1. For residue 26 and residue 58 in one chain, what is 0.36 nm times their gap in residues minus the Cα-Cα distance, to one decimal in nm?
2. Given the C-alpha atoms of the range 121-182, compute the convex hull and give its volume per residue in Å³.
3. I'd like the distance between the alpha-carbon centres of the range 243-267 and the range 136-153, rounded to an integer number of Å.
4. Rounded, prolate or oblate, given the Cα gyration tensor of the range 218-280, with a/c below 1.5 counting as rounded?
């Protein structure tokens, strides 16, 4: 077996770390699953601003015998998605040969980098959801939610023609414990279909998948968002640069400098397709 030199180590790290960072990031992302991320493939290798059609509702007309069909002009608007979030994590790994010989240590280093990128990315998407929310209500108690409050949120969205069967419910860890007291909540461990649950998926309630995320309001924080009912079309998100890893050996530090970065952006598309729950 060839020895790991400073040159081979610098070349070797990006190969084995890139997949590890990306895989760990994917396992920790929650909010990206709740929005429309279909533009990620379209934005790769292109500019930093993208025009997303904002379709308006069409209407039909009565057709009588002998009359011509009347065509209406296309009045669709657009949303501009700007890819302006360039985030990175950088580490200095000393004694690279020892790290390579210890798979457990390597996995921990990779996981901390992936988790840091994922948490910031999720927080960014959550901020867009918060800004887009025009419907919502304060909870009756701090981190306490009732079945009636959830049904009221669903009713408001349905009255706005939002298909709740396509929505997701995401809550803070503190609010999750309150959901356990609602009889209609079905814990993910009791699905019984053998299918793996999505990241952060903790159950199902009134037909909606339920997720939890730590980037939401802390327990006891006044007037902060602790839950959302979200339709994916409310926010568009795009990753232009997948997590990549680059490295360079530093003689001065007797170690390898490793950096992982990612580039992404998001835009609010339909403000009325979110319902938020806030602490009093």
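1. Using 0.36 nm per residue and subtracting the Cα-Cα distance, I get 7.8 nm.
2. Spread over its residues, the Cα hull of the range 121-182 gives 108 Å³ apiece.
3. For the range 243-267 versus the range 136-153, the Cα centre distance is 44 Å.
4. Values: a/c = 6.08, a/b = 2.01, b/c = 3.03.
Oblate.
Here, each number is a calculation from the coordinates, and none is a lab measurement. Note that the structure is a prediction, hence the values are computed from the model and not measured.
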